[in-house]
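Participant: Below is one structure. I have some questions about it.
The values are calculated or read from the model by the stated rules, or taken from the named source; none is laboratory data. Computed from a predicted structure; not experimentally measured. Cβ sites come from the backbone with ideal geometry, for glycine too, and all protein chains shown count toward neighbours. With ligands, DNA and RNA removed, areas are computed over all heavy atoms of the protein, side chains included. Shrake-Rupley method; radii C 1.70, N 1.55, O 1.52, S 1.80 Å.
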Amino acid sequence: MTLTNCASHQQQTSPEDARYLVIESAAKDCTDYVLNTSKASQAKNITGKYSLDGAYYVTSRTDGAFTQTIRKDIPYAKSTYLDNGVEGSAWRACMKGQNALAPEIIFG
């Protein structure tokens with residue numbers, strides 16, 4: 001019986017996709033942080049609110065005369081417990097701390 005190595009057939013991740021995976025992972029971590037910290041504050045009967053929203057990681061690729069815009073979802077959370085009056089600031093601060101706050105992130 002002969003076994004062949006299939007690892008050589010694995011597809012390479014493009015730099016754009018690799019960057020998105022870093023951003024997405026950090027976004028998930030920061031969203032969990034904001035939501036879990038907010039839930040803990042709520043459990044202590046501290047007044048406030050929080051929500052899970054969406055943001056997008058948007059990139060463009062140009063091929064001659066055509067430009068393709070690619071929009072991928074990432075999680076985003078807001079919390080009056082943590083944002084100190086600036087909506088989404090705790091999430092953005094977390095993303096910045098993970099070196100993942102990119103200009104390609106669009107809120108909405």
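Participant: Please compute the length gained on full extension between Tyr56 and Asp29, using 0.36 nm multiplied by the number of residues separating them and subtracting their Cα-Cα distance. Could you put the intermediate results ahead of the total?
Facilitator: On the way: separation 27, 0.36 × 27 = 9.72 nm, distance 1.58 nm.
Length difference between fully extended and current span is 8.1 nm.
Participant: Measuring with a 1.4 Å probe in the full set of protein chains, what accessible area per residue, in whole Å², belongs to the chain?
Facilitator: Numbers: 7590 Å² over 108 residues.
Ligands and nucleic acids excluded, the result is 70 Å² per residue.
Participant: At a Förster radius of 30 Å, what calculated FRET efficiency corresponds to the Cβ-Cβ distance of Asp63 and Lys96, to the nearest 0.05?
Facilitator: Calculated value: 0.40.
Participant: Ordering Glu16, Glu87, Glu24 by accessible area with a probe of 1.4 Å, largest first, what comes out?
Facilitator: I get Glu87, Glu16, Glu24, largest accessible area first.
Participant: Given the C-alpha atoms of the chain, compute the convex hull and give its volume per residue in Å³.
Facilitator: Taking only Cα atoms, the chain has a hull volume of 156 Å³ per residue.
Participant: Over the chain, what percent of the accessible surface lies on carbon and sulfur atoms, probe 1.4 Å? Display every interim value, and only then the final one.
Facilitator: On the way: 3790 of 7590 Å².
Roughly 50 percent of what the probe reaches on the chain is carbon or sulfur.
Participant: Note the angle between two axes, namely the Cα long axis of helix 15-43 and the longest principal axis of the Cα atoms of the chain, as a number of degrees from 0 to 90, rounded to the nearest 10.
Facilitator: 20 degrees
Participant: A further question follows. Please list Thr47, Thr31, Thr13 in order of solvent-accessible area, largest first, computed with a 1.4 Å probe with all protein chains present.
Facilitator: On the way: Thr47 135, Thr31 5, Thr13 80 Å².
Ranking Thr47, Thr31, Thr13 by accessible area, largest first, yields Thr47, Thr13, Thr31.
Participant: Lysines within cross-link reach of Lys39: Cα-Cα under 21 Å, excluding same-chain residues under 8 positions apart?
Facilitator: Leaving aside lysines fewer than 8 places away in the same chain, those within reach of Lys39 are Lys28, Lys49, Lys78.
Participant: Top to bottom by accessible area (1.4 Å), largest first, where do Asp32, Asp17, Asp73 land?
Facilitator: Listed by decreasing accessible area, they come as Asp73, Asp32, Asp17.
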